[in-house]
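The values are calculated or read from the model by the stated rules, or taken from the named source; none is laboratory data. Please read these numbers as outputs of a predicted model, since none were measured by experiment. Note that each Cβ is placed from the backbone with ideal geometry, even for glycine, and that neighbours are counted across all protein chains shown.
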Amino acid sequence: MQLHRVELVRLRLPLVAPFTTSFGTQETRLALLVRVEATAAGPGGQPVDVVGWGECVAGEHPLYSSETVAGASHVLATYLVPMVVAAGDEALSADAVHAVLRPIVGHHMAKAALEMALLDAELRARDQSLARALGATRDRVPSGVSVGLHDTIGDMVDTVGDYLDQGYVRIKLKIKPGHDVELVRAVREAYGDVPLQVDANAAYTLADADHLAELDEFDLLLVEQPLANDDLWQHSLLAPRLATPICLDESIESVADTDAALDMGAASIINVKPGRVGGYLQARAIHDRCRERGVVAWVGGMLETGLGRAANAALAAMDGFTLPGDVSASSRFYREDVTEPFVLEDGHIRVPAGPGLGVEPLPERLEALTVDRRDVHPATA
Ligand code: NPG
């Protein structure tokens, strides 16, 4: 593939309602997109000019992980893009990107965004969908929804009711110390045995083990990331004290982390987020490993625009993702997305079948949402 141009585009998207987790409240999302112009091989090997899009899920602030939009922009412009350009046209394929970028430590979300843009370009030229390229088998995926913390339990119960009315098949409640057991009890009492799980985003310590065990009576699918990101060992000590399965999110950045967590008994379920693990191809590798080991996995979400949402739906359509993912309708977060919106159909999201991501930014939306655009290859001053 020949790479002619790489552009970083920042969008500011207002959320339909503030989204609160144990690490803060968000009212808008600053999204970093990577746009590439390339010439790649067509179905018969002939050169085809294409545009590819990637989405970086780094936060505006380093609260969920250390990555940020500003940091990712810097790393993309200074290291990642020049490295793939220097690797040369011959070596440049989405499959090769992970190895080419290996010298750069961390920065998985920045790497994932560049890989995603190249993958989109490559697959568009080849006229193949991302779902097909990943080996996905389903044409729609069950849709779970993540419910942020609210001021009162009553408000949270009402919001859950709205989502159930819309057809979401699984509810994930954000929890934090002081907003946990009674919240879950209220939701269980209001809605019976709906598939329910909780996400602490690392808000507890091992000293909270007895308190977390009070969640056991609610028959939750899982408790996600109760302890700190780097507390793998402490998670392994917590797990035998809970009947509720532990799922890890923040702690898992690679296949090696997945193996370590499973070997140690720190988790029995894995949340796979392509950005957190360095791209869709690494996400597929973690899916494959979980499948080999007979471990339940599911696809997380990070408030993606329609671009990342399309790719997450394709990933979630793989056989080994046996729990509903955080792949909601676009309307869960955005009144106006940058692509055509994803909609709930009978509690499911349709997996795009068109080439590459199968969706693209709508020009007028893109223009209205754009904060700034910057060419990083060829670099401008
Ligand atoms: O559906 O996209 C979604 C959101 C799901 O709760 C969700 N994401 O901790 O998993 C998480 C959380 C998150 C959102 C994390 C934004 C980081 C940034």
**Message:** So, in region 220-235, how many residues would count as being more than 15 Å from ASP210 (Cα to Cα) and not aromatic (Phe, Trp, Tyr)?
**Reply:** 10
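Which residues, counting only those in region 111-157, are part of a loop (DSSP other than H, G, I, E, B) and in contact with a strand residue (DSSP E or B) (Cβ under 6 Å, 6 or more places away or on another chain)?
Correct list: GLY148, LEU149.
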**Asked** Could you list, in sequence order, the residues of region 225-269 that are hydroxyl-bearing (Ser, Thr, Tyr), within 20 Å of ALA283 (Cα to Cα) and crowded, with 18+ Cβ neighbours inside 10 Å?
**Response** SER251, THR258
**Asked** Would you say GLY24 is over 29 Å from LEU173 (Cβ atoms) and either in contact with a strand residue (DSSP E or B) (Cβ under 8 Å, 6 or more places away or on another chain) or not assigned by TED's automatic domain parsing to the domain that holds GLU224 (or both)?
**Response** no
**Request:** Would you please list the contacts, defined by Cβ atoms under 6 Å and residues six or more apart or on different chains, that run from a residue in region 224-243 that is under 12 Å from ALA207 (Cβ atoms) and in contact (Cβ under 8 Å) with a residue 12 or more places away in the chain to a residue that is more than 16 Å from the ligand (Cβ to nearest atom) and among the polar types (S, T, N, Q)?
**Result:** LEU227/GLN234
**Item:** Extreme residue, nearest to the chain's Cα centre (by Cα), among residues of region 286-345 that are among the aromatic types (Phe, Trp, Tyr) and more than 14 Å from GLY358 (Cα to Cα)
**Value:** TRP298
**Prompt:** Is it the case that region 201-211 has a residue that's within 20 Å of the chain's Cα centre (by Cα), more than 15 Å from the ligand (Cβ to nearest atom), part of a loop (DSSP other than H, G, I, E, B) and surrounded by fewer than 18 Cβ atoms within 10 Å (Cβ to Cβ)?
**Reply:** no
**Search result, residues across region 164-200 that are among the charged types (D, E, K, R), part of a helix (DSSP H, G or I) and surrounded by 15 or more Cβ atoms within 10 Å (Cβ to Cβ)** = ARG185, ARG188
**Considering residues of region 228-271 that are in a loop (DSSP other than H, G, I, E, B), within 14 Å of the ligand (Cβ to nearest atom) and hydrophobic (A, V, I, L, M, F, W, C) only, the residue nearest to GLY178 (Cα to Cα)** = ALA228
**Request:** Please tell me if VAL16 is modelled with pLDDT of 95 or more, crowded, with 20+ Cβ neighbours inside 10 Å and under 20 Å from LEU307 (Cα atoms).
**Result:** no
